[in-house]
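The next block holds one structure in the form of structure tokens; read it before the comments.
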2 protein chains.
Amino acid sequence: MANQPTLHTILSPGLLNLYDVKDSIVVIIDVFRATSTIATALYNGAEKIIPVAAVEDCIAIGKKLQAITAGERDGKIIEGLQHGNSPAEYPASFIKGKTLVLTTTNGTKLLHMALESGAAEVITGSFPNLTAVSRHLIAMKKNVFLGCSAWKNRFNLEDTMFAGAVINRIKDHFTIRCDSSLMAEDMYNMHKHDMNSFIRKTTHWHRLASYGLEKDLEYCVTPDVANVLPQYKDGALVVGQ
Amino acid sequence: MANQPTLHTILSPGLLNLYDVKDSIVVIIDVFRATSTIATALYNGAEKIIPVAAVEDCIAIGKKLQAITAGERDGKIIEGLQHGNSPAEYPASFIKGKTLVLTTTNGTKLLHMALESGAAEVITGSFPNLTAVSRHLIAMKKNVFLGCSAWKNRFNLEDTMFAGAVINRIKDHFTIRCDSSLMAEDMYNMHKHDMNSFIRKTTHWHRLASYGLEKDLEYCVTPDVANVLPQYKDGALVVGQ
């Protein structure tokens, strides 16, 4: 219907500048693994997660706040940080009540780009919090951009699949005139029943599986195992409404 | 196999800078309608087609060479040019032996970007010359980039479908580690048997169909009806080997 809000999918941070995200909700998607880790840490009771772009900032803020520092570049833990970018590193026994300062190759970069572009609201999504994200987007009745973090600006399949999963659940509530969104939903419908074998074909799987991360990656495409809404407020991601 | 050439798909001119196309073949894809028109005009006997970026250049070169000027912006014929961007405007009775100077919204722009990036060879492809393009790429044994012209840098489905059609035919001859290519072939396989109904869902269809271009667009997704190889040589597209 004409008076429904619109929905677009942005396949790469390199294409963000083609869209006017002002007054809209931007969903940051980095399935392998930043936004899967963010959902998991908050679900397990982290007080907040501070996403930062640069490693130096991560170290400096971590020291100042006596917080846990974490991050990766090119899939590996960074020297000088305490932890990596795996959801499995953040069980409740470790993360409850704590603050995490996180920097990653792709996801935290896109998040800052969206904030600088004037998005009204920034949330993060991955399969572990698929339902929380979908419900929130329907409830808000605002224009939505599903932002794929990609890999160094190159299109990736796992972020696209998550965009498709969201679209599949919420499309009746939005006006969608966006080929990226049509494609994302098609890809999701084509592979939703064979996700664990499909992700083994992606370039990112080949990149990360060589570090022994297979279980991690399978977790990242499992729906609703950490079903919270990470919402950016006052410089940090916290559990939203 | 490791010693096979590589193949990548570039989903938008806005992502071309992520790839090193030097010493490679770049296939310019603008299904609706520049590269469909280029194949058709050459198939019908045009001597050559000079692709130019700016309307003023189109007019100036047309005057100098006593050539036919043609082009569109946003799907419409441009004031000052003689013809538009429809394959149907270039039957043999009109175009045989003539030179066409062509400017379009997306396709001619990407072609010039590829040339400036140092591509070893630039050819153009669309469904009307699918087999000619596929055979050439197999025969050349060089690295290949399938370049989608997109719509003002936004991803589009019809160019992606053509990339998928090419990949479907030639993939055994290339090493493909590229999520865009995996997606393109999936989308092609999903819709190859319902192409005429599928293209009616795309944003570009809605943009162009309002100008009464339905027959034109159906022609543009019909394989091998103008099966030549448009190859860029000395400033113009000519029929290649």
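The values are calculated or read from the model by the stated rules, or taken from the named source; none is laboratory data. This one's a predicted model, so the numbers in the text were calculated from it and none came from an experiment. FYI the Cβ positions are ideal-geometry reconstructions off the backbone, even for glycines, and counts take in every protein chain you see.
General observations
- Test for A:T131: is it surrounded by fewer than 21 Cβ atoms within 10 Å (Cβ to Cβ) and among the β-branched types (V, I, T): yes
- Considering residues of region A:66-78 that are out of contact with any strand residue (DSSP E or B) (no Cβ under 6 Å at 6 or more places or on another chain) and surrounded by 14 or more Cβ atoms within 10 Å (Cβ to Cβ) only, the residue nearest to A:L42 (Cα to Cα): A:E72
- In the set (1) within 14 Å of chain B (Cβ to nearest Cβ); (2) at pLDDT 95 or above; (3) surrounded by fewer than 18 Cβ atoms within 10 Å (Cβ to Cβ), A:D224 fails one condition alone, (1).
- Across region B:88-113, the qualifying residues are those that are of a type outside the set (S, T, N, Q), crowded, with 23+ Cβ neighbours inside 10 Å and within 15 Å of the chain's Cα centre (by Cα), and the one among them that is farthest from B:E158 (Cα to Cα) is B:L102.
- Selection of region B:139-155 for residues being more than 14 Å from chain A (Cβ to nearest Cβ) and buried (at least 24 other Cβ atoms within 10 Å of the Cβ) yields only B:V144.
- In summary, helices (runs of 4 or more DSSP H) completely within region B:163-219 and bearing 1 or more residues that are within 17 Å of the chain's Cα centre (by Cα), hydroxyl-bearing (S, T, Y) and more than 9 Å from chain A (Cβ to nearest Cβ) occur at B:179-191.
- A Cβ distance below 8 Å, combined with a sequence gap of six or more or placement on separate chains, defines the contacts here; from region B:124-139, residues that are at pLDDT 95 or above reach residues that are assigned to a helix (DSSP H, G or I) and among the aromatic types (F, W, Y) in the pairs B:G125/B:F162; B:S126/B:F162; B:F127/B:F162; B:P128/B:Y43; B:P128/B:Y219; B:N129/B:Y43; B:L130/B:F162.
- Filtered by the rule that a residue be crowded, with 23+ Cβ neighbours inside 10 Å and assigned to a helix (DSSP H, G or I), region A:15-47 gives A:L15, A:A34, A:T35, A:S36, A:T37, A:I38, A:A39, A:T40, A:A41, A:L42.
- Among the residues of region A:220-237, those identified as touching a Phe, Trp or Tyr at 6+ places or on another chain (Cβ under 8 Å) and either of a type in the set (A, V, I, L, M) or assigned to a strand (DSSP E or B) (or both) are A:V221, A:V225, A:A226, A:V228.
- Just one of the numbered conditions (1) in contact with a strand residue (DSSP E or B) (Cβ under 8 Å, 6 or more places away or on another chain); (2) at pLDDT below 95; (3) under 27 Å from A:C58 (Cα atoms) is not true of A:A209: (1).
- Verdict on A:A53 being in a loop (DSSP other than H, G, I, E, B) and either of a type in the set (G, A, S) or at pLDDT 95 or above (or both): yes
- Only one entry in B:N143, B:N156 is among the polar types (S, T, N, Q) and in contact with a His (Cβ under 6 Å, 6 or more places away or on another chain), namely B:N156.
- Scanning region B:85-142 for residues that are under 15 Å from B:V52 (Cα atoms) and part of a loop (DSSP other than H, G, I, E, B) returns B:N85, B:T104, B:T105, B:N106.
- B:H136 surrounded by 19 or more Cβ atoms within 10 Å (Cβ to Cβ), more than 13 Å from chain A (Cβ to nearest Cβ) and more than 24 Å from A:T9 (Cβ to Cβ): yes
- Residue match in region A:17-37 (condition: away from chain B (no Cβ under 14 Å) and free of Cβ contacts under 8 Å to residues at least 12 places away in the same chain): no
- Members of region A:114-138 that are within 12 Å of the chain's Cα centre (by Cα) and among the aliphatic types (A, V, I, L, M): A:V122, A:I123, A:L130, A:V133
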